Every structure is written in structure tokens, then in C-alpha cells.
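**Q** After the C-alpha cells below, expect a handful of questions from me.
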Amino acid sequence: MNSIDPAHVDPLAPLRTPDDPPCDVFLTGTVFLDIIFTGLDSAPVRGTESWARGMGSSPGGVANMATALARLGLRTSLAAAFGDDHYGEYCWDTLEQGEGIDLSSSRTVAGWHSPVTVSMAYEGERTMVSHGHEPPPEEPAPACPPRARAAVASLAPGVTEPWIASAADQGTRIFGDVGWDDTGHWDLGALADLSRCEAFLPNAEEAMRYTRTDCPKAAAHALAEHVPVAVVTLGAEGAYAVDAGSGETASVPAIKVEAMDPTGAGDVFVAGFVTGTLAGWPLADRLAFAGLTSALSVQEFGGSLSAPGWSETAAWWRHVQAYDDQEPAALRRYAFLEQLLPEVTRPWPLRRAVPTIGFGRSV
């Protein structure tokens, strides 16, 4: 295992007791090997060869969220299937040894090809091409998942996941994520597991389609009739949340940064919101922190590669306070982090090494 990061922060330290569940957050899903090309001036043109100025490799898919949670100091457990090829071995080692993620509920599947995604980032957007064989016949999620404070569930129309009910019944707080509805029906009633969720976090387009509204804020209020906390991400406009129980609302603008690659930014946002929720922060603070971590992630390439930890967050905070022209109200919005952040001396933005499969084995 890697040595303990001196900048490690445990945001739940004041809340921990001997009777706590073994992990803070449980996840299940598909792990991809992501190969990311950056530094492209434009989209590849048919019949030509494009050269990228940057490239990286990392675990992707559900690994993006698992890594984001682990880097924010949460004890994270992942149940996933891994191929027994070199890609699968690389992803397993990176998550377990490099990020400290518990893979005791995961398994290696003999003869199964690891799914692969190639992502090309240009003009602030990304284009992806994926390949994978049929998934293993056995589901990676255990019938009875480990006890956890929280779990993040990827909801899909017409699909009920037994593990979600099992987790909720044993007190796990469920946070619902969702993807594009390929059926085109956008039927909120088809998300059978939504009733188990404490919070639901779609993006603006998804939220408006599911609620048949033409305004993201109206969509959030409509969703709050079905789930205790509705959070709608607004991209460059920030995010908006509604607490159905208290009637509280929160709106936080996005932080302006130079975006390199938005891959995994949504996963990082969810990880930040889950962290703040488990730590017991007010709704506006949770939303602000989620937006901050998401903004920091788009300045680097890749999904799990770009997920920020507390050292990156602290470096950003010291950096923005160094300018006299900062809006005082904007700075006060993030002052709640002051007591959590580690002391750092590294400059911001931070740059990570570019990992390539096979490097580091002889080091």
C-alpha cells in the first residue's frame, strides 16, 4: 500500500464511533479502462491522422466516482467485475493499492475482456468510443451489500436493483444518479428505485425531461415531490437544490475555470455532495463544495485522474485568497472549508503525473 498522504483529511472524523459501518460509501457498476487523449485543437477529421499533445490511462466508469469519494477521505467499497487481462489487473491495482478502495466485494472474471473507452478532449468537450464484451453472467453487486453510511445508485428506467432495497433496509442512505434515457419515454415512474433515495442528482436536461418542465429550478421543485432532496446540476451556471422536508432551497454559481476535459465532472460533483451530506453540512455548503470539486476536476484530463483531493482543494483556496480583487461574498461562500483544509505549499493548479500502463512496476 502507498504511504499515508500527509494532506489526508477525514471529513467524518468528529462523527465516527466504534459502532460505525465498515465503509462510508458503497458503489457497484462497471469499471472501464479509460484512455484519454488531450491537446487536440479540433475534432478528428475523416481520412486524416490527428496527433494529441497529451495522453493518460486510468480506471473509468464507476471507478470515477469511487476514486473521487476516496480522495475526499471517505472509506469507499466497490463491487465490480474485473477482467483477468492486463487492463483488469491495472485497474484493480490502481484502485486498491493507489486509491485505498476496498475491493473485497469485487471479483476477477476468467476470460472476460475488460471494457475500454477512448476519450478525445477538445474545445471544452469530449468524444468517446467504447468497446466491451457481454458482461459476466453474475451480477457484481452482492445480494446483501456491506453495511455503509451511504451508497450511490445509478438508476435506469424499468430496472430494479435488489441490492438497493437491501441497503436501504439496513439504514444506508441512497443517493440516486441517472443517465440519458435511451427509451425516450422519460417516465419518472419507471425509476422504480427512486423511492428508496434520499437525494436525486440529475443534470438540467434530464431533470426537465423527467418532469416535463422548461426550467431547471422548476424541475428541481417538481422532483422534490418524489425525493427528500433534489439537486439539479446546471453546467456552467452552477447547481440548484431543494430540500423537500424543510422547504429550503440553495443556488450556487459555477466557479469559472479553464476547462481541459469534463470527463467525470458529474461523478465528482456527486462525490462532493455525498461527502458534505454525510458530514452534516448545510445544504448550501454541500452544493458549493460539490460545485468546487467538480470545477477543479475539469482542469485536468480524465475521469478518475482528475478527481481532486483535499490538497488540491486547499491549494485552490490559498490561491484565490492571494488576490485583492476577489469578491468578498464569494470568498465567504467557501470559508466553511477553512477548518478542514490541510496546510499546503504547492502551487495551484496542481499537475499530476501522466500514468501509462506498465510504468512504475520496476520502481
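The values are calculated or read from the model by the stated rules, or taken from the named source; none is laboratory data. Just so you know, these numbers come straight off a predicted model, no measurement behind them. A quick note on method: Cβ atoms are made from the backbone with ideal geometry, for glycine too, and the neighbour counts reach across all protein chains shown. The protein model used for the area step is the full one, side chains on, heavy atoms only, and it has no ligands, DNA or RNA in it. Shrake-Rupley method; radii C 1.70, N 1.55, O 1.52, S 1.80 Å.
**Q** For the pair Val118/Arg332, report the inter-label distance in nm, with labels modelled 7 Å from Cα in the Cβ direction.
**A** About 5.2 nm separates the two model spin labels.
**Q** Next question. Which peptide among 90-103, 236-249, 59-72 comes first, and what is the full order, when sorted by highest mean count of other Cβ atoms within 10 Å?
**A** Those peptides, ordered most packed to least, come out 59-72, 90-103, 236-249.
**Q** Follow-up question, since we're still on this one. Report the residue, chosen from Pro115, Pro44, Pro228, that carries the largest GNM mean-square fluctuation when the chain is represented by alpha-carbon nodes joined by springs under 10 Å.
**A** Pro44
**Q** Taking 25 Å as R0, compute the FRET efficiency from the Cβ-Cβ separation of Glu49 and Ser130 and round it to 0.05. Display every interim value, and only then the final one.
**A** Numbers: r = 21 Å, r/R0 = 0.86.
Working from the Cβ atoms, E equals 0.70.
**Q** Now a separate question. Rg to Rh for the range 86-211: what is it, with Cα atoms only and Rh by Kirkwood?
**A** For the range 86-211, the value is 0.99.
**Q** Sticking with this one: Under a point spin-label approximation (7 Å from Cα along Cα-to-Cβ), what is the Gln97-Gln321 distance to one decimal in nm?
**A** Output for this residue pair reads 3.8 nm.
**Q** Roughly how big is the range 117-244's charge dipole about its Cα centre, with Cβ charges of +1 (Lys, Arg) and -1 (Asp, Glu), in debye to the nearest 20? Can you show the working numbers first?
**A** Values: 8 positive and 19 negative charges, 80 e Å.
Dipole size: approximately 380 debye.
**Q** With +1 assigned to the C-beta of every Lys and Arg and -1 to the C-beta of every Asp and Glu, and no other charges, what is the dipole magnitude of the range 160-313 about the Cα centre in debye, to the nearest 20? Walk me through the numbers before you get to the answer.
**A** Working: 7 positive and 21 negative charges, 64 e Å.
So the magnitude is around 300 debye.
**Q** If you project the alpha carbons of the chain onto their three principal axes, what span does each projection cover, largest first, in Å?
**A** Dimensions of the chain along the principal axes of its Cα atoms: 53, 53, 52 Å.
**Q** In Å², and per residue, what accessible area does the range 38-120 have when probed at 1.4 Å with the other protein chains present? If you can, show how the numbers build up before the last one.
**A** On the way: 3520 Å² over 83 residues.
Accessible area per residue: 42 Å².
**Q** Here's something else I'd like to know. Mind putting a number on the dipole of the chain about its Cα centre? Charges go on the C-beta only, +1 for Lys and Arg and -1 for Asp and Glu, and I need it in Debye to the nearest 20.
**A** Numbers: 23 positive and 46 negative charges, 109 e Å.
With only Lys, Arg, Asp and Glu charged at Cβ, the dipole is about 520 debye.
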